[in-house]
1. Once you sort the root eigenvalues of the Cα gyration tensor of the range 101-235 as a ≥ b ≥ c, which label holds: rounded (a/c under 1.5), prolate (a/b larger than b/c) or oblate (the other case)?
2. Just subtract the alpha-carbon distance of residue 131 and residue 166 from 0.36 nm times their residue separation and send over the number in nm, one decimal.
3. What's the angle, to the nearest 10 degrees (0 to 90), between helix 20-33's Cα axis and the longest principal axis of the chain?
4. Set the Förster radius R0 to 45 Å, insert the Cβ-Cβ distance between residue 92 and residue 208 as r into 1/(1 + (r/R0)^6), and round the FRET efficiency to 0.05.
5. Compute the acute angle (0 to 90°) between the alpha-carbon long axis of helix 71-85 and the principal axis of greatest extent of the alpha-carbon atoms of the chain; round to the nearest 10°.
6. Listed highest first by mean packing, meaning other Cβ atoms within 10 Å per residue, what order do 127-135, 209-217 come in?
7. Could the peptides 7-20, 137-150 be put in order, highest first, of the mean number of other beta-carbon atoms found within 10 Å of their residues?
8. Given (i) 17.1, 57; (ii) 17.8, 61; (iii) 17.1, 53, which label gives Rg and Dmax of the Cα atoms in Å as computed from the coordinates?
């Protein structure tokens, strides 16, 4: 069996957060920066938390340098805030996603990781709330490490090589996500893509982004695994 590095998005791909992420973001942004800026009008889908802060706060006159300087504090406050409120929200795994992760984690030639817009501190909180074991995701790149999503796959790939000692060719890397940003960011390392319509975008919208594979969800474990290990296009 050929080697694979499989990198999952979180929100809308592995789990539905039930609105806890936006609620915690609102509270943490207000606490750290003293304003929400334009956040109420900002779409979160497919973006890094860093990018969300830029789009929210720059219109309010808060500079990029100030935002970056406060990222570590924001990460800590957001994690604390989410831990305090997450029990109020109906967080649940996306259909079929836990089953796919469970199979992949037991494959000796497969390394499972994350490419997510979430800052590092909230990742384990969300995963545990949806009954995932964060330890199953050996490597990752996060939304506090890049203001644009294409900055993240190269970082995750570098960490995967360091962790495993293996090299991965572009066709051995698969990024699974639910937004056009998940599909387009794969170009930064030439990875293959699987889009799932379990987030805010329809199947037709995702097909227009030309992922290697597109599924309505991950309910059919065998089909998802075939796409991960396959080389042809499917729609």
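Quick note: the coordinates plus some simple rules give every number you see, no bench work behind them. Treat the numbers as computed from the prediction; the structure is a model and nothing was measured. Cβ coordinates were reconstructed from backbone atoms using ideal geometry, including for glycine residues, and neighbour counts include every protein chain displayed.
1. Note, shape of the range 101-235 comes out rounded.
2. Working: separation 35, 0.36 × 35 = 12.60 nm, distance 2.94 nm.
Length gained, residue 131 through residue 166: 9.7 nm.
3. It is inclined by approximately 40 degrees.
4. Given R0 = 45 Å and the Cβ-Cβ separation, E is 0.95.
5. 80
6. Working: 127-135: 16.0, 209-217: 19.0.
Ranking, from highest mean packing down: 209-217, 127-135.
7. 7-20, 137-150
8. The calculated read-out lines up with (iii).
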